[in-house]
Each structure stands twice: as structure tokens, then as C-alpha cells.
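Readers should treat all values here as calculations from the given coordinates under stated rules, not as data from a laboratory. Because the structure is predicted, anything quoted here is derived from the model rather than measured. Here Cβ is always computed from backbone atoms with ideal geometry, including for glycine, and neighbour counts include all displayed protein chains.
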Amino acid sequence: MEQETQAQTQTSASPAPAPTPSSATAPDPAQPLSRGILSRSRLRSIYKAAISILLALVVTSVLFIITGANPLVAYYYMFYGAFGNTNFLIETLVRMSPILLVSLGLGIAFKCKVWNIGAEGQLYIGAFLGAETAIFFGNSPLALPASIVLAILGGMGWAAIPALMKTQLGINEVITTFLMNFVAIDLVTWFVSYPFRSTTADFPQSATIPASAMLPILIPHTRFHLGIAIALLAALPLVYFLMAKTTFGYKLRVVGENPEAAKYGGINVKKTIFLALIISGALAGLAGLFEVEGIQFSVMTSLSPGYGYTGIAVALLGGNNPIGILLSSFFLAGIYNGSVNVSIQLGQPSGIVSFIQGVLIIFVLGSEYIMRFLERKGVFKR
Amino acid sequence: MPLFNFFLVESTAKNQPIDDSMAVEDTVKEDKTQVSVSMENSNYAIYVEGITKTYSNGLVANNNVTFGVLKGEVHALLGENGAGKTTLMKILSGCLSPDTGSIFVDGKKVHIDDAMKAVKLGIGMVHQHLSLIPSFTVTENVALSIPLPGRLKLDIIREKIIAVSKNLGLEIDPDTKIEQLPVGLRQRVEIIRLLCQDVNILVLDEPTSVLTPLEVDELFRIVRGLKEKGKSVIIITHKVKEALVVSDRITIMRLGKVVRTLNASNTNERELASLVVEGFVPSTNGTKGQAGEPALIVKGLNVKGNSGRLAVKGVDFLVRSGEILGIAGVAGNGQKELVEALTGLRKTESGTSIMKCCNLANRPPQFIIKKGVSYITEDKMKRGVILNLSISDNLALKCIEQEPYSKNMIVNQRNVDSRAQDLIKRFDIKASDPCANVSSLSGGNIQKLMVARELSNGSILIIAEQPTAGLDVKASEAIHTKLLELRAKGVAVLLFSADLDEIVKLSDRIAVMYDGRIVGEFISGSLDMQRLAKMMLGSTT
Amino acid sequence: MTGLTIAIAFAASCVTFACPLLLASLGETIVERGGILNLGIEGAMLIGAFSGFLGAYFTGILWVGLLTAMIGGIASVLLFGVLVVRFNLDQVVSGLAINLLASGVALYFLRVAFPGGGYPHLNFLFQPFAVPLLSQIPVVGPIVFNQPGFFYLAIVLVPIVFYLIYRTTFGLRLRSVGEDPRIASYVGINVSRIRYTSLVLEGALVGLAGAFVTLSQFNTFDTRLTTGLGFIAVSIVILGRWNPAGALIASLIFGSTEALSFWGTAFLTGPQASSLAQLLTILPYVTTLVALVVGGRMSKGPSALGAPYAKE
């Protein structure tokens, strides 16, 4: 009875590696805790994610049915467009990179229950600041590293404002971060329409970044640029390390689960929240910069089709945990690219991506309910 | 949820075998003071027979309780925490349903399904935690419980309030907001609300626990007024003196059973105290350590409670290294606020608490923990453990930032895990796997986990609040042994417990806390149990 | 055109822009008084605007559009309501999910309904209605009494909502649920029913707000028309201290900033004119943020706002 009333276990799987289902034997002294990947709780989280995805796809098929298309055909085109051949696959990886970076940051924030809805704005600010820094440095070898530093600082700074409003004034961060999005996008739009406008292009955009700042392509004849490698090989392991192996990651977990106990345990809750927010801002800023330096080569008003919001869906689906986020961002990137293919093949209009994200979030939220329902009905063992 | 709260607040009693020595039948011997409790006497406003209630964790809260309240009578239900008083009253007011037994209201057998039904039958309860909405006025709060559809006719309700309060000689302005009223008046509002609902049997749960002495007199005046109007009032209390002052008859409960029902006029404090707190033989004390220098000196500490009024009133005491100071007292006399102030979780209004020449008052918890203070909290679910994290993670709370568990912010998971393994073994925590969530542990094991963590931090001072709550005898013994070991090593221990046996067994000195003050102190060798029991219950003779 | 004429026209515009904000924030006030934080109001307004536009476009009757707008608004808000009241899912995230959902639905069905691309136009709108006599009053008349019907409706609704919240039994119960749903349920109040009722009312109001945008203010439908209005409405509720009168004042202020950014070109002259005009688009949001910093802390809403609650 007690456990039922308290344990509202969420989708998060513990970032620390968990052992395989234990037997009653004494632990081996040389290797005290066997650490496998597929523990019971982890498996359960995977099931929950899979169920959410399945249900989201089912509900989305209603959209297709309404317009007279066969959902299975539509989904075939979607998955083909995402993963069907090498080119599409690489394009999905290209698309995945900004989503991954944003979601990693959001995973950190969400882990301690700070709802950073402002990733989109932090992305724009970071991108703009970084790009202009690169332009400033021109063809010097400093251009790229300096742009990265400034992008990170820009994203952090933009997130610091709502962070301070939360810790010092107690103002709900959801509203403030969301409003900051508008300010950021409109500001950047203005910057590239007037003071920093490119002198050569027709449409409002910033000057083209210098060649020294353009991210080299790693796979010839594709758009697979260095930023993607940095995201996968540097950012991802770093965030994983931060969350699983550092005292900061520990504090994140405790503050997110029980801020009262965190305070009792001597953790500075406000500092933890602040740091979580600005780190997520930093990653969003970096995501924006890589889009500019790897794909678009100048700051445009259409920099991001909503990656900041996609990141929310991905972080939730991935259980705020870097590996889950990696898989989920790959999946969502596939949805993005796949939907383009569906549009081309079937003439289906846009909006699918937003719709799926919305439905997905709802099902992720309700996945605990659904899981328990299924367990009660015997579909899964408890 | 309500059941669980009950478990935390009410039951500090361990699952001991049921004491048979004071069964109801025994009291028949002393007929002169015993009022016969039987259905034949049809002047009963309410009468219950054979009520039994067992909670899902095995606790027998009410054990074959038979009890009756006459019409126009003030009846005190007296006993310590965990005696079963509140459970019985919750059954009467519809919040809980009994496993067995019958309830008769006005001679007719009834089933009380919910609070609404209880009110219809004329039974209403004023809970210890008042159920008024603070930002609403008196009128609005009363209006909530009186359904009048459509337009809010506050005037009608206002008039009724004025009429009812005048009838009782109360003065209340119906348009004041509850949050502006002192607690004593808030209670009055609750009573008025019940009267506006035409309740005939009012149950007051520990009404004086939040009142000043003056307010207590006022309350008793109101209670007597109610009695004159023919209402019955049941007062749940642990305070012997007050039971004697205000009630006509007193029923004493202990460990879920009715011990006796007496006429107030035929008894005295001493007799009542001995019925409430059974005499017992304290087990032998461990080897005394050498009490050394004072580890913690508290002077003139004043701390406000949640109601805004002082809960700790000018408390002075000190704890020496190698000594256990036990604070005896019924829960709710300021102990919680005192502990929170000492551990940095609550603001101190004035006074000092000095450890190693450093004043800990109003410092953040991190600072106090670093100074060497461990704290076993009684709020284990809300504060002491993090349910959705692993056992390993929980055991690392408070020490994660120290070597060898982390260095330069990098966690040494192996050391954390081996500490977890070590503590699991040493404290006999029944856990199959340190990476399992704490939520999978039983309540008793969660307690052990928290104790294990706090007792192995290498601290100078341990503040232990109900350290053996929910544990069986063997586990309690183990923890007592650990505390005594630490004492022998020179650690200072400040022990808060509602279990007198535990306090007496472990403490070198015992201080009694009542109404926010230290009202007496005893040294372990020269212990007068009678006096101690009386002090705990507010008696000053 | 004299300076005064321009000023009057601008002031009238401020009032017009305030109107959808007022309608939406009145609805959100009701719901938040019951303890629910509905961030999905953004999406609901979008759907309201969209369904209103569709209704009017395909039937040719503006009043049908009004009806469909309200239906759309209610449907969106009720979906949110089910997630939050029935399933007790996190209010904040559920609201965001609704916004994404709404965005997707609007984009998708816009192309389904108008396959050719481009922006469909309505050839008729709810025109401003000049109140006889009153609109003749110098200065004040043209500003206040020459507005579309929505505005008069909104103004009338302010005291009605005020009465509802503070002077009816429903309002008392609503407020008690917003303060402490547990205590309210002890006293016998059906928390779910009260909350659902408040959500339906909000849905209707938000639908109307959306309808105003597409059926009166602008003669086309574009998803960007309602962007940000929902969140500004939530901020208005906070700054208006959860009180309809406060919502009125705050709506006028924020409506003015919207009007300012819209009118920027009319006022500014010189080589920097268009640049500054575009910069003004951030004004409403910056104002909101600053107002939150200045006034947000002192504002203490219903105690149980946003808190999860499950029937015990």
C-alpha cells in the first residue's frame, strides 16, 4: 500500500549502469556488482518508449486516412526517406546532429525538473554570436574555435536570464524561456535584416562565414560535416560522463527527484538548477552554430525548423538519458526527413512533424499509466 | 494516502505483542469508578461496540473497542500517540471504515460511509490539521460546506454564523480571512462551521496542542457552552490535566484497546498518568562512555512553527561528546521545529546553537553537515530518502563530495558501491541489489538505510529523530547497539523519541520537552518515572 | 492627416489588439483560479482561429465561423483537460504537447483545405461597429466605441467573469479548488467537475479570441497570426493578479505594445525607420518579461496552481 502511493516511477532509467537481475548469491568480491546493459528497469523503459512511438504512429495515421492516403504506404515512404538508402541515412545523421545537441542539453535540465522551453532561442543567439565572431576573425585559424566559444557563451547567457529569474525571483521558467524565444528570433531576424545584413544576398541573412570557419565535410559527396562528429564523439560522451560519473550528475538526479531531500542532504538546489539551465543553453547555442557552419554557411531567419521544441520531445522520449536521447534524436531526425519524402511522394502537406511530436509527448507522459495497464492485463510481467 | 500519513504521525509504537494485562474485563473489579458501558443506557448520543481496525501494514489500531458518549456530555479520549484514539474518531467521522464492530447513533445502528454521511448523522470532527482555506474568509469557508446553488448568498450564511456564535458567547467577525486569525480563533471557526451544519456530536482532535493557555481556557468555556446546549463533545488529547479540567468522563486508550472509562470527578492526575503510561522496567544501560567537552551548546533558542507562532520557546541545553541526551516528550511539542532549526532546515528567530565555537543557527544545511552533524529524520519518505533513486545513491547522500567517494567532482562509483555493500551488511538491510530503487524496500528497511547512512559519516554530533520507528525488536536492538558504540567512541548523540523505553535505555541524561520548552531534566541514575511521565503530559505537580 | 487623427487611430488600434488578449486571459483566469496552469492556450487559440476561419470560409457566413471557432477552442482545451484532470499528467508538459499538436494540425489541414498553396482570403469580416451617439464623443468615442463587436463582448465579459468568480457558489468552489483541492474534496466538492467546467468556459473564450484574429483583425489565416498571444495571455493573468479587472488593464498595455510594433512604420521616419520598426516586434515580449521581473514576485496566485492532484 505504501509503495503504491509513493512510487510514481517515471520514464527515466538510471544513467548509472545497472546490473543484471540479481540472484541470491553473494556478489563476487573481485567484481562486486556486475554491470550489464539490460537490467529489468532499463528494459521496462525501452518498452515504454516503444509503446509511445507505436501509439504515436497509430494516431498520426489518422491524418493520412483523412486525406485518403493509405497510412502504411505513407509510413513506408517515411521510413524509406529516412533510412532507405545510404544517402538518406547520412542525411538523417546530418539532421540528427542539432537535435542531438539540443536534446542532450534539455536532458540535463529536465533531469532536475527545470523546463527549458527556450532552446530554440538559445540556439539562434548562439548561432548568430558564433557566426559573427567567425566573420570577425575572417580567414584566421582562430575563427572556428572562437566561434565555438562565443556560441556556447551566447547560449549560456541567453539561458542565464530566465535562470536567474527563477532562482532569485521564483518566476516560472516555462513562461520566461518561451518568451525569450520570441525575443531571440526576432532580434536575430532584425540583426540579419539590417545591421549585420549580407551585402550580396537578396534575402535577409548575415554575411557568409569565412572558409576557415566552415566545417569540413567528412564523407565526400554528402553533407556530413565535422559538427556531426563533434556531437557524436565529443558532446555525447561528455554529457554522458557529466551525468553518470560526476558529483554534478548526482546532484541533478537528487534535485530532480526530491528537492526537499536534496536540501536536507546539503545540496545547493539553486546552484544546481542554474547550472543545469545554462549548460542546456550552451549546448543549444552550439547546435545552432554547427547548423550555420556546417550546412547553411550564413545566419538565416529559417535557421531552425523548430529543433528547440523537437528537443523537448526527444529528451522526454529518451528518458533524459544520453543513450536514450541518441536513439530518440535519430528517430526524430528520421521523421523530419521521412516526412519530406512523404510530401513529395504523396503530396501530403507539412505539419506531420509537429503533430507527431505533440502526440508522442502525450504518449510518453502517459506511458507509465499505459505500462501499468498492460502489466495488469498480463501483457508484460511485473 | 491518509492511511500512510497516519502511520507516520500516529504510530511510533513498534509492532509489539499485544499487551493482555489491562484488558477491559479486568476493570470490572473496580466497579465504583467504572461507569458501566452497555447499550441499556439509552442516553447515549453515540455508542460503538467491538470496533476493530487493522491497517495494511499489520498495525492493529483499534482492538475490540467499546465506547460510548452520553448526550450533553464532554468526554475525553486520553492516550499517547499510537494509542488508537484518532483512528477511532476517524471511523466515527466517516474518514475510515472499521473491519468489525457496530456503531449506534441515538440508539439506531448506522453505517458511516463518508464524511458527508457522518455530518448528516450529526457527527462532525475538527481535525488537528485544520481544514480551512487560509485565504478565504470565515463566511466563505462555511459557505463551502453548505450547498446553496447559484448566486452566492453570503449574507444568509453570515447571519447564521453571527447567530450561532452569539448563541455560544463567541465573538467572531465573519469577514476576516482565516490567515489573519490566530490559531485559537481558527479552531473556533471550525467549531462554528460544524454548528452551522447542525452537528450534535463534535469531535476535537488534540485541540489544545496549538493554543496558548489563555486560548485553552476560552476553548473550554466554549466546550462547556456546547454541553449546555445539549451537544456532546469528544476531546482527543494526551494531556492528562486538561482531560480532568474539562471533561465529565474520561476513556483511556492504550495500544489500540480501551483501558478504562472513568468519571473525571472520581480520579486524579497520578492515577490517569499511570494508566496512560504503563509502568515498565528499563533494560540495563550500556557501558557509559566518558562524557567529555560539550559538543553542542544551545542557548535561548526560539523557533517559529508553520503557523507563525513560536514552537520552540527559549530552549537551553547542551550535549557532551560521549554522551546521549534523550529528549522525552509527546510528538508535537516543538521537537520537530527544534531539530529543523539545529540542522539548518528552519529559520531560528533568536538564540544560538554553538558547536566547536561556531554558531550553527541559520547556516545552510551544507555547512552544518560539513561541521560534522548527522541527522536521522523522522520524515523519512519526504526528506530522508529519495525513493526513485538507487540504494547506492541514497547511501551516498551527504558524503558524495568527500574523498574517497569523489575526487575533483568525479565520482568513484566503486567506492560508493562498496560503501553501500558494507552498510547493507553491517546494518542488515534486506536488499538484494544495491542498484535497486529505494522504493522497493519495505518501510523498516528504508529506516535502516537512513540510519546506516547517518551513523557512518564520521560525525561529531548525531541528531536522531525516532531512529527505530517501524523496526522490529531485533533491528531496534541493533541500532541501539550502534548508537552506544558511537557514544563510547566519543560521539555526542541527541535523541528524540516518543518511545520512553528507548529514551530511558539509551540516555545518560533525559530532558523533557513540553509546549516548546525544556520542563525538566533527569540523570539516568536517578530517574523518577512517575514524574517523567507526568512532565511529558503537561502536569506540573 | 493631423497628428490627432493618427493618435486616435493608433489608440483605437491599441484597443483592438488588446481584445483577443483580453478574451483569452479571461478564460485562462477562470481556469487558473481552479488551480490548473494551461499553457496549451497557445495551441487552442490557433485551432480556434483556424476552425473559425474554415467555418466562415466554407459557409460564407461569419457567424458560423464564430461557432466553429468556439467549438475548436473547446475541443483543444478539453483534450488538455482530459490529460491533466483525468490522467493527472504534468500540466506544463501537457500544455506544450497540445501546442505542438495544434501546430501540426493547423499546418496540415491548412494545406488539405486549400491545396493550392498561398494564403486564402476572406472577402468579408466583422467590421467595427460604431455605437450610436457614444461614438460621437470627441477623442474617446472613436477609440472605444468604434470597435468590432468582439470588443464590446469582451468588455461586458469582464464584469460577468468577475461576478462568476467572486459572487457565485461555483466561483467560490472554483477558488477553493485552486487553493487546496484536497480540502475542497473533504468538504464534498467534486474537483474534477469544477475543473472541467472551467476548461469548457476557457475553450469558448479562447475560441472567440482566435476568431477575432482571423475574422475581424485580419482577413486571412496564417499560423503566425496567433503566435505568442497565448503565452502573453498567461503572463497577463499573472500580472493582473488573477483578477478580471487586472486582466483588462494588462491586456490594454500589451495590446498597445503589439499595436506599436505593428504601427512602427507609421510613426518612424528617417533612414533607420524600417529597421527600427522591425526591431519593435520584440517589444511585447520584452515588456512582458520586464513586467514579470518587476511584478512577478509579488504576485501570488492560487496556492495549488500547477500542482498535480489525484483523487484519493
If amide hydrogens are placed 1.01 Å from N in the peptide plane, which non-local residues have theirs closer than 5 Å to the one on B:Ile234? B:His75, B:Leu202, B:Val203, B:Leu204
Value at 222 nm in deg cm²/dmol, rounded to 500, when DSSP H runs of n ≥ 4 in the protein assembly as shown each add -39,500 (n - 2.57): -16500 deg cm²/dmol
With θ set to phi - 60°, apply the Karplus curve 6.51 cos²θ - 1.76 cosθ + 1.60 along the stretch A:289-296 and write out the HN-Hα couplings as whole Hz, x wherever there is a Gly or Pro. 4, 5, 4, 5, 7, x, 10, 8
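Provide the packing ranking of B:367-376, B:308-317, i.e. peptides ordered by the mean count of other C-beta atoms within 10 Å per residue, highest first.
Top of the packing list down: B:367-376, B:308-317.
Which order do B:Met535, A:Met371 fall in if you start with the one that has the fewest other Cβ atoms within 10 Å?
Details: B:Met535 24, A:Met371 20.
With the fewest neighbours first, B:Met535, A:Met371 line up as A:Met371, B:Met535.
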Out of B:Gln447, B:Leu471, B:Ser307 - ranked by how far each Cα lies towards the positive end of the dipole of the stretch B:294-536, with unit charges on the beta-carbon of charged residues - the top one is B:Ser307
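How crowded by other chains is C:87-94, given as the mean number of beta carbons from other chains within 10 Å of each beta carbon? Kindly include the intermediate steps, with their values, before the conclusion.
On the way: counts 5, 3, 7, 5, 1, 7, 11, 4.
Per residue, the number of nearby Cβ atoms from other chains is 5 on average.
For C:Thr281, B:Thr52, what ranking results if the residue with the fewest other Cβ atoms within 10 Å of its Cβ goes first? Before the final figure, lay out each step's value.
Details: C:Thr281 22, B:Thr52 15.
Result, fewest neighbours first: B:Thr52, C:Thr281.
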Count, for each residue of A:162-172, the Cβ atoms from other chains sitting within 10 Å of its Cβ, then give me the mean as a whole number. 3
Reduced Cα scattering model of chain B, Debye log10 I(q)/I(0), q = 0.05, 0.08, 0.09, 0.12 Å⁻¹: -0.22, -0.57, -0.72, -1.20
Among C:Gly72, C:Leu289, C:Pro181, whose Cα projects farthest towards the positive end of the dipole of chain C, with charges put on the beta-carbon of Lys, Arg (+1) and Asp, Glu (-1)? C:Pro181
Hey, can you rank B:59-69, B:356-366 by average C-beta count inside 10 Å, highest first? B:59-69, B:356-366
At the level of C-alpha centres, the distance separating the stretch C:170-229 and the stretch C:277-291, in angstrom, is 26
Whole-Å distance linking the alpha carbon centroid of the stretch A:161-191 with that of the stretch A:57-135 is 22
Ratio of alpha-carbon Rg to the 2.2 N^0.38 Å globular estimate for chain A, to two decimals, please. 1.03
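Cα convex hull of chain C: how many Å³ per residue? All intermediate terms of the calculation are to be shown ahead of the outcome.
Numbers: hull volume 44.9 nm³, N = 312.
Looking at chain C, the number lands at 144 Å³ per residue.
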Rounded to whole Å, give me the distance from the Cα center of the stretch A:206-267 to that of the stretch B:473-541. 53
Taking chain C as a Gaussian network, where each spring joins two C-alpha atoms under 10 Å apart, which residue of C:Arg111, C:Arg241, C:Arg86 fluctuates the most? C:Arg111
So who's got an amide H within less than 5 Å of the one on B:Leu310, skipping anything under 5 residues away but keeping other chains? H placed 1.01 Å off N, in plane. B:Gly305
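Mind sorting B:Tyr44, A:Tyr240, A:Tyr309 by how few other Cβ atoms lie within 10 Å of their own Cβ, fewest first? Let's see the in-between values first.
Values: B:Tyr44 22, A:Tyr240 18, A:Tyr309 25.
With the sparsest Cβ surroundings first, the list reads A:Tyr240, B:Tyr44, A:Tyr309.
For chain A, what's the relative contact order in percent, using C-alpha pairs closer than 8 Å and at least 6 residues apart?
For chain A, the relative contact order is 31 percent.
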Mind checking the dipole of the protein assembly as shown: about its Cα centre, +1 per Lys or Arg Cβ, -1 per Asp or Glu Cβ, Debye to the nearest 20? 560
Rounding to the nearest 10 and keeping the result within 0 to 90°, find how far the Cα-based axis of helix A:307-317 lies from the longest principal axis of chain A. 10
Treating the angle as unsigned and between 0 and 90°, give the value, to the nearest 10°, between the Cα long axis of helix A:40-66 and the longest Cα principal axis of chain A. 60
Connecting every pair of Cα atoms under 10 Å apart in chain A and solving the GNM, the largest mean-square fluctuation among A:Val364, A:Val192, A:Val73 falls on A:Val73
Size of the stretch B:474-541 along its principal axes in angstrom, Cα-based, largest extent first? 37, 25, 23
Sequence-distant residues sharing a close amide H with A:Val299 (under 5 Å, placed H): A:Ser206
Within 10 Å of the Cβ of an average residue in B:139-148, the count of other chain Cβ atoms is 4
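Sorted by mean Cβ packing within 10 Å, highest first, what order do the peptides A:249-261, B:398-410 take? Please list the in-between numbers first.
On the way: A:249-261: 23.0, B:398-410: 15.5.
The most tightly packed comes first, giving A:249-261, B:398-410.
So if I place +1 on the C-beta of Lys and Arg and -1 on the C-beta of Asp and Glu, and nothing else carries charge, what would the dipole magnitude of the stretch A:40-376 be about its Cα centre? I want it in debye, nearest 20. Walk me through the numbers before you get to the answer.
Values: 18 positive and 12 negative charges, 239 e Å.
In total the dipole reaches around 1140 debye.
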